[in-house]
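Structure first, then comments.
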Amino acid sequence: MEREAAYWERAGERVRCELCPRYCRLKEGQRGYCGVRVNRGGRLWVDNYGRAGALHLDPTEKKPLFHFHPGSSLLSIGLPGCNLGCAFCQNWDLAHGAPPTREVSPQALVAAARRARESAPDCVGIAYTYAEPLMAFEYVRDTAAQARGEGLANVMVTNGYVNPAPLAELLPLIDAWNIDVKGFSPDYYRKLCQGKRDPVLETVRTVQRFGAHLEATTLLVTGLNDSPQEVEQVARFLAGLSPDLPLHLSRYFPQHKLTLPPTPRSTLEAAREVARRHLRYVYLGNVVGEEVTRCPACDTPLLSRSGYAVTNLACRGGRCAACGAPLPFRGTVHA
């Protein structure tokens, strides 16, 4: 299922990949940083097309998306490859390793999602997730177009490290995005993630301007990006786009190259209070406990989440049952 890549050009005796800000210049037989785009015969090819390293029916809340079809599920696929090198990566084997995979064509994935919807009415579509779906650009583009024709939603869970042209091609096909804003310090991105911050922030701005559903996640790593100052910078940036944009502050656990202790619960709770100065919806992730979404008008509890189980407290026909205010959700509440 190998495919010729989109977004590349010849650069002398090499080819230059133009999918992401790395602009890898590859000689014959060389792979890009992502590990899945390769120069063969003077042309750029992708060898992760339809190679599923993970395929599961997941709660939408797991992505995490709390305001997109709350209580629903998504058929979630992960394909190899990633263009960042986060020291704390939770899916390193899939992102940069050589995981076992099986072939799943776009047609097969859409058919599987259709069957899932028929057997579980709360399944609303497909999520491209686990590693970095932007490095499977061609597969996501082709599959999302077919899914859209079947009335299935498309969800991207991504690091947002992509160039404007491929992003513009995907925007009309993707219904919801969760974008990692890994921190706000350029040095943090450079040292901990092996990338640049500004292209990610521009992706967030572009998705918000386009009008797709958007939520953001920041993994708070003990002692590295969890200061009140950096959390406030992230929150201020997002609030400048919309104070209704949900932010998920996620708890770090030792993974891959990092052995720092897990983020203290107290640090997460303090970070949430800082972020709430600017954003209406701030949630904690990777923690045990209840997370509640409240009405923006009257503060009535709307939805309660314990793990991935969602309880409808006061949502009635897209409005708050207490005051009638329109609710901040995109799509049907399935709880």
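A few remarks follow.
- On the stretch given as the range 36-72, residues that are within 15 Å of the chain's Cα centre (by Cα) and assigned to a strand (DSSP E or B) total 3.
- Residue pairs meeting the criteria (Cβ under 7 Å; at least 6 apart or on separate chains; first at negative phi, in the range 236-257; second among the β-branched types (Val, Ile, Thr) and assigned to a loop (DSSP other than H, G, I, E, B)): Arg251/Thr263; Arg251/Val287; Tyr252/Val221; Tyr252/Thr222; Tyr252/Thr263
- Condition check for Gly29: touching a strand residue (DSSP E or B) at 6+ places or on another chain (Cβ under 6 Å), assigned to a loop (DSSP other than H, G, I, E, B), over 22 Å from Lys182 (Cβ atoms) and modelled with pLDDT of 95 or more: no
- Qualifying residue in the range 224-234 (condition: touching a Leu at 6+ places or on another chain (Cβ under 8 Å), aliphatic (A, V, I, L, M) and either assigned to a loop (DSSP other than H, G, I, E, B) or more than 24 Å from Asp198 (Cβ to Cβ) (or both)): yes
- Any chance Gly331 is outside the structural domain of Asp226 (by TED's automatic domain parsing), closer than 23 Å to Trp177 by Cα and small (Gly, Ala, Ser): yes
Every residue, every condition in (1) modelled with pLDDT of 95 or more; (2) over 28 Å from Ile174 (Cβ atoms); (3) part of a loop (DSSP other than H, G, I, E, B), yes or no:
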residue: Phe253; (1), (2), (3): yes, yes, yes
residue: Leu260; (1), (2), (3): yes, yes, yes
residue: Leu268; (1), (2), (3): yes, yes, no
residue: Leu279; (1), (2), (3): yes, no, yes
residue: Glu291; (1), (2), (3): yes, no, no
residue: Leu303; (1), (2), (3): yes, no, no
residue: Val310; (1), (2), (3): yes, no, no
residue: Pro328; (1), (2), (3): no, no, yes
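- Exactly one residue among Ala270, Ala239, Ala322, Ala309 is out of contact with any strand residue (DSSP E or B) (no Cβ under 7 Å at 6 or more places or on another chain) and under 30 Å from Ala95 (Cα atoms), and that residue is Ala309.
- Applying the condition of being closer than 30 Å to Arg31 by Cβ and among the charged types (D, E, K, R) to the range 56-102 and asking which residue is surrounded by the fewest Cβ atoms within 10 Å (Cβ to Cβ) yields Arg102.
- Residue match in the range 82-103 (condition: outside any loop (DSSP other than H, G, I, E, B), modelled with pLDDT of 95 or more and over 23 Å from Pro262 (Cα atoms)): yes
- Gly285 satisfies every condition listed in (1) surrounded by 16 or more Cβ atoms within 10 Å (Cβ to Cβ); (2) closer than 30 Å to Asp93 by Cα; (3) out of contact with any Pro (no Cβ under 9 Å at 6 or more places or on another chain) except (3).
- Selection from the range 291-324 of residues that are of a type outside the set (A, V, I, L, M, F, W, C), farther than 15 Å from Pro70 by Cα and in contact (Cβ under 8 Å) with a residue 12 or more places away in the chain: Pro296, Thr300
- Going through (1) surrounded by fewer than 21 Cβ atoms within 10 Å (Cβ to Cβ); (2) outside any helix (DSSP H, G or I) one by one, Arg114 falls short only on (2).
- Residue that is nearest to His248 (Cα to Cα) [pool: residues in the range 167-195 that are crowded, with 19+ Cβ neighbours inside 10 Å and touching a Phe, Trp or Tyr at 6+ places or on another chain (Cβ under 6 Å)]: Ala176
- Among the residues listed as Pro326, Pro296, the single one being of a type outside the set (A, V, I, L, M, F, W, C) and in contact with a Gly (Cβ under 7 Å, 6 or more places away or on another chain): Pro326
- Counted residues, the range 206-231 - those being in contact with a Phe, Trp or Tyr (Cβ under 9 Å, 6 or more places away or on another chain), of a type in the set (D, E, K, R) and surrounded by fewer than 20 Cβ atoms within 10 Å (Cβ to Cβ): 1
The values are calculated or read from the model by the stated rules, or taken from the named source; none is laboratory data. Not measured: the values here are computed from a predicted model. Cβ atoms come from the backbone with ideal geometry, glycine included; neighbour counts cover every protein chain shown.
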